[in-house]
Amino acid sequence: MVFLGPPGAGKGTQAQQLAGRWRIPQISTGDMLREAARSGSPLGRQVAATLEAGQLVSDEIAVTLVEERLNREDARGGFILDGFPRTVGQAAALDGLLARHGREPLNVMAIEVPREELIARLGGRRSCPRDGSSYHLGNHPPRVAGRCDLCGGELMVRNDDRPETVEKRLQIYQQQTEPLIAYYQRKGLLHRVDGLGAPLQVVERIIRSVEG
Ligand code: AMP
């Protein structure tokens, strides 16, 4: 399964829930890139600057990360991609990769959320740098203030959730990623899901949509 949607649509939250239910890995290129950025290596520092500016890393970097991850044993029985593909080039690379490995067609979930709601969600978002879990101060607070429910780690505001960067990310989504909705619709793989409401309501909508 692939999650498509603008920043703040709930891709990470939904992917984490469903990966747990279906016992398949959640593969988040954003989490992998944030981890690389924290490593402090020369490539990591370059990635950190790209992330902080709200820009996309190159297709080559994103595709290499995903290809390596999909080759791991735990992705054999299925996987959830969260934040990949983000460009038509990445989608084409993913098609090639799946075809080479004789894998089943994707289910692509386009999560739809109005712009004002995205901005409100990103403004209140708190994230766990250790495991990538997301919370919202208003509508999805952690059980203990400032701490991740899963690992107890300290929650932070992501560097790229600052208002100037949010605007840039929404613009890039519109220009580079939104065309993938038509791309997957043409292939007959697209499911549209209303992303408004409580996280569990959205999870149920996604399940209904794929399981029919
Ligand atoms: P996310 O956690 O999915 O919001 O991703 C955070 C940031 O990581 C994005 O704003 C991009 O800078 C970068 N990123 C994540 N996934 C990709 C991708 N598939 N291609 C290029 N850049 C990506």
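Computed from the coordinates by the stated procedures, all read-outs in this text should not be read as laboratory data. Note that this is a predicted model, so its numbers are computed, not measured. As a convention, Cβ positions derive from the backbone with ideal geometry for all residues, glycine included, and neighbour counts pool all protein chains shown.
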- Projected-area average for region 144-212 over all orientations - Cα convex hull basis, square nanometres: 7.1
- Percent breakdown of C-alpha pair distances by 10 Å bin, ordered from the shortest bin, for the chain: 8, 35, 41, 16, 1
- Message: Quick check: Cα centre of region 65-85 to Cα centre of region 97-122, how many Å?
- Response: 14
- Item | Residue order, fewest to most surrounding Cβ atoms within 10 angstrom, among 109, 32 | 32, 109
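Fully extended, how many nm does the chain gain between residue 39 and residue 149 (0.36 nm per residue separation, minus their Cα-Cα distance)? Working shown, then result.
Working: separation 110, 0.36 × 110 = 39.60 nm, distance 2.44 nm.
Extra length from residue 39 to residue 149 when fully extended: 37.2 nm.
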- Message: Over the chain, with a Gaussian network built from C-alpha contacts below 10 Å, which listed residue (118, 43, 98) shows the highest mean-square fluctuation?
- Response: 43
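Packing-wise, with mean Cβ within 10 Å as the measure, how do 120-127, 182-189, 21-28 rank, highest first? Before the final figure, lay out the partial values.
Numbers: 120-127: 19.9, 182-189: 13.4, 21-28: 17.0.
Descending packing order for the listed peptides: 120-127, 21-28, 182-189.
Fewest Cβ neighbours within 10 Å first, please rank 60, 211 accordingly.
Details: 60 11, 211 6.
Exposure proxy ranking, most exposed first: 211, 60.
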